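Just so it is clear, none of the values below were taken in a lab; they were calculated from the coordinates. Please read these numbers as outputs of a predicted model, since none were measured by experiment. With ideal geometry, Cβ positions are generated from the backbone for all residues, glycine too; neighbour counts draw on all protein chains shown.
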Amino acid sequence: MVKVEEYKLPQHNISSEKFFQPTRLYLPLAQHTGKPSQPLVRKGDYVEEAQLIASQDGLISTCLHSPSKGRVVDIDEFNHPVLKRAKAIIIECDNQPKNYSLRKDIDSLSKLELLDIIKKSGIVGMGGAAFPTYVKLLPPKSIDTLIINGCECEPYLASDYRLMVEKLEGIFKGIEIIYKILEPKTIFFCIEDNKPEAIKKLNLLINTKKFKLPFISLRVLKTFYPQGGEKQLIYSVTKRRVPSSKLPFDVGCLVHNVATCFAIYEAVYWDKPLIERLVSFVGDALVSPKNLWIKIGTSLKELKEKGIINFKFEPKKIICGGPMMGIALESLDYPVLKGSGGFLFLSKEVDLKEELPCIRCARCVDACPMGLLPLEYAKRVKAGDYDKLQEFNIKDCIECGCCAYICPSNIPLVHYIKIGKRYVTNS
Ligand code: SF4
Ligand code: SF4
């Protein structure tokens, strides 16, 4: 783990209850881990807000709903932050927001009924992984520890922080639902010590004991990157190590991000599928960094054209996500996805320093939160010696970038790791 510059400035804490109503939405069918959803609408169809427009395809997949009333104008390839191009349902929107009503008899819903609501709401892990949530809530082994992840350790991003400040009761109602489904013995609510406003609210809320969460406790963790990685968080709070190629449930744990908990609350209480989220717009190219509630599928280009985000400098680097794990975009012509916690706009290209020979200082080894040997990956990939990469557990790398960040020889270790992983996957 490394200590990185945080850039979580106070002005990031601006959010708005009012939604920006986009004129056009680009909704990729692949917004989650697993198979893309299958369209249920055709070009020319008129759709309502929250209407199911694409169905789940297979076990590891999820469905998709329209974030707005409007007409399907096309189903075609569009820019995708991860896949570059992917099939998307394109909707011209009508500016008529839907009113949602509170579901009755929430307490009487069984575990299966709750799981079914979550499944039909298209909820995915909103911390970035976008793994279908209902699948995660059906672990093949029993869970004794539920960990709620409010760490948001990526520099700049602050949408989870803002959500905890503004919507903590909703997050807790979502945790109550997860608790009812999984019945863990312990719940840890984890947050880093750089979020004082949320910590204050969390302490107050936990002390009121107004939620049916008898075993919840707050864990305020020192700010380190990547504290929010699932395996790191599990070790930080339970001292259990998730072995190579195993998953959190193998050690009796499950981790859910705070925004996912809030989406579960909205689905169960308000019958509202995952069609919008809080997003951080940050970086020195912006006039004012902020967090905003954005409908899924809204393009960055329209946000700029309508003056929702304003630039003081033309951004030289646009990143979907944070600077450590985010993905560079070539333009603003990209939509907000279910897993998009933020976008970073920088006024300068990141300086690529000259790569020097490895001095075998082992700083990359010390920094690696997964206990890997990053220098070995670079050495072997450069030499074309791919055979040992699997033995060195290259697939366990979470591409957090800590090794490259700390390397005094400026070796682009994640670049070599990505090449090595591709070789191991294809061989
Ligand atoms: S930190 Fe860089 S120079 Fe040091 S051992 Fe790792 S790869 Fe080599
Ligand atoms: S090897 Fe992978 S997991 Fe380890 S520090 Fe580097 S990028 Fe992160």
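Taking the criterion of being surrounded by fewer than 20 Cβ atoms within 10 Å (Cβ to Cβ), under 26 Å from GLU266 (Cβ atoms) and touching a strand residue (DSSP E or B) at 6+ places or on another chain (Cβ under 9 Å), would at least one residue in segment 234-248 satisfy it? Within segment 234-248 (the criterion being surrounded by fewer than 20 Cβ atoms within 10 Å (Cβ to Cβ), under 26 Å from GLU266 (Cβ atoms) and touching a strand residue (DSSP E or B) at 6+ places or on another chain (Cβ under 9 Å)), the answer is no, since none of the residues qualifies. Evaluation of PHE345 against the conditions (1) in contact (Cβ under 8 Å) with a residue 40 or more places away in the chain; (2) outside any loop (DSSP other than H, G, I, E, B); (3) within 21 Å of VAL414 (Cα to Cα) shows that the sole unmet condition is (3).
Conditions tested, residue by residue: (1) under 22 Å from the mean Cα position of the chain (by Cα); (2) among the hydrophobic types (A, V, I, L, M, F, W, C).
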| position | (1), (2) |
| --- | --- |
| ASN149 | yes, no |
| GLU154 | yes, no |
| ALA158 | yes, yes |
| VAL165 | yes, yes |
| PRO184 | no, no |
| ILE187 | yes, yes |
| ILE191 | yes, yes |
| LYS195 | yes, no |
| LYS201 | no, no |
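Select from segment 369-389 the residues that are closer than 29 Å to ARG240 by Cα and exposed (fewer than 15 other Cβ atoms within 10 Å of the Cβ) and write down the one among them that is nearest to ligand 1 (Cβ to nearest atom). In this case the residue turns out to be GLY371. Against the definition (assigned to a loop (DSSP other than H, G, I, E, B) and either over 21 Å from the mean Cα position of the chain (by Cα) or not acidic (Asp, Glu) (or both)), how does LYS119 come out, yes or no? Answer is no for this residue. Residues in segment 366-387 that are more than 29 Å from LYS317 (Cβ to Cβ), of a type in the set (A, V, I, L, M, F, W, C) and either within 16 Å of ligand 2 (Cβ to nearest atom) or assigned to a loop (DSSP other than H, G, I, E, B) (or both): LEU373 alone. Kindly check whether there is at least one residue in segment 340-359 that is within 16 Å of ligand 2 (Cβ to nearest atom) and either within 20 Å of the chain's Cα centre (by Cα) or under 30 Å from TYR235 (Cβ atoms) (or both). There is at least one residue in segment 340-359 that is within 16 Å of ligand 2 (Cβ to nearest atom) and either within 20 Å of the chain's Cα centre (by Cα) or under 30 Å from TYR235 (Cβ atoms) (or both).
Consider segment 390-417 and keep the residues that are surrounded by 16 or more Cβ atoms within 10 Å (Cβ to Cβ), free of Cβ contacts under 8 Å to residues at least 60 places away in the same chain and assigned to a helix (DSSP H, G or I). The one that is farthest from ligand 1 (Cβ to nearest atom) is ILE394. In segment 51-73, which residues are more than 21 Å from the chain's Cα centre (by Cα) and either in a loop (DSSP other than H, G, I, E, B) or under 27 Å from ILE318 (Cα atoms) (or both)? The answer is GLN51, ASP57, GLY58, SER68, LYS69.
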